[in-house]
1. Stokes-Einstein diffusion coefficient for the range 14-63 at 20 °C in a medium of 1.002 mPa s, Rh from the Kirkwood formula over Cα pairs: what value in µm²/s?
2. Please label the shape of the range 158-204 as rounded, prolate or oblate, based on the square roots a ≥ b ≥ c of the eigenvalues of the alpha-carbon gyration tensor (a/c under 1.5 means rounded; beyond that, a/b larger than b/c means prolate, else oblate).
3. Please label the shape of the range 109-260 as rounded, prolate or oblate, based on the square roots a ≥ b ≥ c of the eigenvalues of the alpha-carbon gyration tensor (a/c under 1.5 means rounded; beyond that, a/b larger than b/c means prolate, else oblate).
4. With a Förster radius of 35 Å, plug the Cβ-Cβ distance of ASP49 and ARG129 into 1/(1 + (r/R0)^6) and report the FRET value to the nearest 0.05.
5. Please report Rg (one decimal) and Dmax (integer) in Å for the Cα set of the chain.
6. Each residue of the range 102-117 in order: what ³J(HN,Hα) in whole Hz does its phi give by Karplus 6.51 cos²θ - 1.76 cosθ + 1.60, θ = phi - 60°, with x for Gly and Pro?
7. How much net charge surrounds ARG214 when only the other residues with a Cβ under 11 Å from the Cβ of ARG214 are counted, with Lys and Arg +1 and Asp and Glu -1?
8. Just how far, in whole angstrom, is the range 15-82 from the range 216-252 if you go by their alpha carbon centroids?
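Rule-based calculations on the coordinates, nothing more; no lab input. Just so you know, these numbers come straight off a predicted model, no measurement behind them. Neighbour counts run over all protein chains shown; Cβ positions are idealised from the backbone, glycine included.
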Amino acid sequence: MSDDELRMAPELPVELHANGEKVAVLMCSPYNLDDLAVGHLVGRGMLTDRATLMSVGACADLRLATVIAPDGIHQDRYGLGVVVSSGCGSGPVFRTEASLPLLEGGPCIPLGELQLLARYMFDMAELYREIGGMHCAALFVADTATGAAAEGLPAGHIVVREDVGRHNAVDKVIGYAFRNGWPLEQAVILTSGRIAADMILKAIAAGVRLLVSRSIPTSTAFELAKATGLTLVGRIEKSRPVLYCSPERVGGQTPAAGPGGG
């Protein structure tokens, strides 16, 4: 067996500390750990105000990531758990007493542009092409004043991240956008993986209103998206992707309607 055939998807346990307290153990790929640390807290509703974020530090060798945000760390909004596995996220253990917001407004992005963004995300997924066994995610915010995000893409800002866990990849793009002050309420998140309930709750906590996947949502994810008004698009690489709910944020060509898209 060749060295290439023996290559494996990188994964390490990394402890996440916020204001000196351990809040999670993340089974993750040890890249962009600063983005992962911040994004994980934002996706659990524990960090909401960028102005409170004083410092972020991460060291793969020490398997440690630290976030300092005095007076800025809150209780886990939806009870997404403490130990996060690389395969399926933390569950989630959803707190029934937690109220879900109704997501209004947000971006409206033509379907063709969403497909362009998805293709760009996969083109940038270098680890997946090299070794397989990885997931990728992208976050895009339109901004006509800045010019193109990349050649052939709509104008705006885009970031792409990879990880062995699909939810970690999403955390990483959320964390990057949050740290750089991008307006998450105007963002679209694209992911290579299945959309489970924890990913919907992460998007809701971050304020994201549009979520796109190469795969499909779980039934619980769909119910959460429908209840909150989050726009959910699946099978983005197909000629007619599936629009599951809240169609007003997808313009242009009409995708196939899912169970809540009509």
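1. 190
2. oblate
3. In terms of gyration-tensor shape, rounded.
4. Once rounded, the FRET efficiency stands at 0.40.
5. Expressed in Å, the Cα Rg and Dmax of the chain come to 17.5, 54.
6. Karplus-based 3J(HN,Hα) across the range 102-117 equals 9, 8, 10, x, x, x, 10, 10, x, 4, x, 6, 4, 5, 4, 5 Hz.
7. +4
8. So the two Cα centres are separated by 29 Å.
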